[in-house]
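What follows is a short report on a single structure.
The values are calculated or read from the model by the stated rules, or taken from the named source; none is laboratory data. These numbers were taken from a predicted model, which means no experiment stands behind them. Virtual Cβ from ideal backbone geometry, glycine too; neighbours counted across all protein chains shown. What goes into the accessible areas is simple: the full protein's heavy atoms, side chains included, and nothing from ligands, DNA or RNA. Shrake-Rupley method; radii C 1.70, N 1.55, O 1.52, S 1.80 Å.
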Amino acid sequence: QVQLRESGGGLVQAGGSLRLSCAASGHTFSRYAMGWFRQAPGKEREFVAGIRWTGAPTYYTDSVKGRFTIARDNAKNTVYLQMNSLKPEDTAVYYCAATINRVGSDPSRYDYWGQGTQVTVSS
């Protein structure tokens with residue numbers, strides 16, 4: 001079992017930055033590929049970024065490429081999402097998720113989820 005807890009969300013102006021963290025419990029964290037998803041009100045949950053258990057390669061949805069960076073520290077059981085040049089359309093609840101399978105954009109591939117952290121970008 002893996003338990004996930006996100007932190008780092010908040011309110012930021014457009015153009016600003018935030019770094020989300022996802023702390024995992026369980027000694028098998030390093031075996032899991034990790035993903036970040038987001039869900040805005042009235043919309044489906046959307047894949048944002050993913051990272052293999054080795055730390056590379058990384059994957060991004062087109063709308064965040066060049067602005068967001070996913071990274072992990074297996075020694076700290078933590079995965080990060082650095083978000084720069086934030087836009088109002090990035091406003092959503094952000095979730096981290098773990099999968100024993102390969103990284104993918106389909107939420108059903110993921111076995112464990114955090115409770116989410118709110119990111120709000122004002123214009």
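Can you tell me which of Asn101, Asn74 is surrounded by fewer than 18 Cβ atoms within 10 Å (Cβ to Cβ), at pLDDT below 95 and over 17 Å from Glu6 (Cα atoms)?
Values: Asn74 fails: over 17 Å from Glu6 (Cα atoms).
Only one candidate qualifies: Asn101.
Would you mind finding the one in Gly15, Gly42 that is under 18 Å from Ser85 (Cα atoms), open to solvent by 30 Å² or more (accessible area, probe 1.4 Å) and in a loop (DSSP other than H, G, I, E, B)?
Only one candidate passes the filter, namely Gly15.
Can you spot a residue in the stretch 18-26 that is farther than 19 Å from Tyr112 by Cα, basic (Lys, Arg) and touching a Gly at 6+ places or on another chain (Cβ under 9 Å)? Please lay out each step first, then the result.
Narrowing the stretch 18-26 to residues farther than 19 Å from Tyr112 by Cα: 18-19.
Filter once more, so that each one left must be basic (Lys, Arg): 19.
Checking which are touching a Gly at 6+ places or on another chain (Cβ under 9 Å) leaves us with 19.
Yes, there is a match, as at least one residue in the stretch 18-26 is farther than 19 Å from Tyr112 by Cα, basic (Lys, Arg) and touching a Gly at 6+ places or on another chain (Cβ under 9 Å).
Between residues in the stretch 97-123 that are part of a helix (DSSP H, G or I) and residues that are open to solvent by 30 Å² or more (accessible area, probe 1.4 Å) and at pLDDT below 95, which pairs lie under 7 Å by C-beta distance while being six or more apart or on different chains?
Close Cβ pairs satisfying both conditions: Arg109/Asn101.
Could you tell me whether Pro88 is at pLDDT 95 or above, open to solvent by 50 Å² or more (accessible area, probe 1.4 Å) and within 22 Å of Ser123 (Cα to Cα)?
yes
So, of the residues in the stretch 104-123 that are under 10 Å from Glu6 (Cα atoms) and touching a Ser or Thr at 6+ places or on another chain (Cβ under 9 Å), which turns out to be surrounded by the fewest Cβ atoms within 10 Å (Cβ to Cβ)?
Selected residue: Gln118.
With the requirement that a residue be in a strand (DSSP E or B) and in contact (Cβ under 8 Å) with a residue 40 or more places away in the chain, what does the stretch 72-96 give you? So that I can check it myself, show each step before the final result.
If we filter the stretch 72-96 for residues that are in a strand (DSSP E or B), which is where we start, we get 72-73, 78-83, 92-96.
Result: Thr78, Val79, Tyr80, Leu81, Gln82, Met83, Ala92, Val93, Tyr94, Tyr95, Cys96.
Take the stretch 56-71 and flag every residue that is exposed (fewer than 15 other Cβ atoms within 10 Å of the Cβ) and either touching a residue at least 40 places away in the same chain (Cβ under 8 Å) or assigned to a loop (DSSP other than H, G, I, E, B) (or both).
Ala56, Pro57, Lys65, Gly66
Out of the residues in the stretch 19-39 that are in a strand (DSSP E or B) and over 12 Å from Tyr94 (Cα atoms), which is modelled with the lowest pLDDT?
Applying the filter and picking the extreme gives Ser25.
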